[in-house]
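The values are calculated or read from the model by the stated rules, or taken from the named source; none is laboratory data. A quick note: this is a predicted structure, and the numbers were derived from the prediction, not measured. Neighbour counts are summed over all protein chains in view; Cβ atoms, including those assigned to glycine, are modelled from backbone coordinates with ideal geometry.
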Amino acid sequence: MGQPARDEAMMMTVDEYLVAQLPDGKSELVRGELRMMPPPGAPHGRAAMNLAVLLSNHVSQHNLGMVFGDAVGYELIQFPHTVRVPDASFVRADRLPPEGLHPGTLKFAPDLAIEVLSPSECASEIEERLQDYIAAGTTLIWIVDPVRRTIMSVSTDTPVRWLAEGDVLDAGAVIPGFSCDVARVFDGIARQG
């Protein structure tokens, strides 16, 4: 017997997703399909937190916008019933609601999306996320690999860059003035092999 046919009853709307009783763990809604992810592990969490703190310090000091952790969903309205949840993200001040944040998802794409690779993710899942963010208007995406200790920087206005320890990560015009040594992103993470 093969896989059962996809049942339309398994599909969700964004409103259903936001009130669903889901098991612990990270989830996303992709074109109505609920996707649960297993806990990615300590190196993943540490790299995401290191980068979020470095960004947040710079962004706050210069009043550039807001940095978010992995609990913020972005409803990508270009795609039906899709909520992406990056491991960290940034939104420019001029794109945030002037009255402050409302409950629920942000109904636009982040300016910077950060995805930290997890052992359970495959290349096609990462590629799908990249394509969704780009199509929705995200101008900068960082794919962080805590095992190889590298960062792939994908920008809509420059060629893809691969950075390793010894290189400097910057956010260009997306977060003016921000830069850090790539090695700082991996502080506290043991080297593999």
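Overview of results
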item: Out of Arg35, Arg84, sole residue that is basic (Lys, Arg) and in contact (Cβ under 8 Å) with a residue 12 or more places away in the chain; result: Arg84
item: Of residues in region 44-87 being buried (at least 21 other Cβ atoms within 10 Å of the Cβ) and of a type in the set (Ser, Thr, Tyr), the one modelled with the lowest pLDDT; result: Thr82
item: Subset of region 14-32 [touching a residue at least 24 places away in the same chain (Cβ under 8 Å) and either loosely packed, with under 15 Cβ neighbours inside 10 Å or of a type in the set (S, T, N, Q) (or both)]; result: Ser27, Arg31
item: Odd one out for Thr139 among (1) out of contact with any helix residue (DSSP H, G or I) (no Cβ under 6 Å at 6 or more places or on another chain); (2) of a type in the set (Val, Ile, Thr); (3) buried (at least 21 other Cβ atoms within 10 Å of the Cβ); result: (3)
item: Residue in region 60-103 that is nearest to Phe178 (Cα to Cα), counting only those that are hydroxyl-bearing (Ser, Thr, Tyr) and in contact with an Asp or Glu (Cβ under 9 Å, 6 or more places away or on another chain); result: Ser89
item: Within region 124-151, considering residues that are of a type in the set (Ser, Thr, Tyr) and over 12 Å from the mean Cα position of the chain (by Cα), the one modelled with the lowest pLDDT; result: Ser124
item: Ile175, sole failed condition from (1) outside any loop (DSSP other than H, G, I, E, B); (2) surrounded by 14 or more Cβ atoms within 10 Å (Cβ to Cβ); (3) among the β-branched types (Val, Ile, Thr); result: (1)
item: Which numbered condition Arg46 misses (of (1) over 27 Å from Thr150 (Cα atoms); (2) within 15 Å of the chain's Cα centre (by Cα); (3) of a type in the set (Lys, Arg)); result: (1)
item: Which numbered condition Glu121 misses (of (1) at pLDDT 95 or above; (2) in contact with an Asp or Glu (Cβ under 9 Å, 6 or more places away or on another chain); (3) surrounded by 14 or more Cβ atoms within 10 Å (Cβ to Cβ)); result: (1)
item: Subset tally (residues that are touching a residue at least 60 places away in the same chain (Cβ under 8 Å), part of a loop (DSSP other than H, G, I, E, B) and not hydrophobic (A, V, I, L, M, F, W, C)) for region 39-72; result: 3
item: Any hit, region 30-41, residues being out of contact with any Leu (no Cβ under 9 Å at 6 or more places or on another chain) and over 27 Å from Ala135 (Cα atoms); result: yes
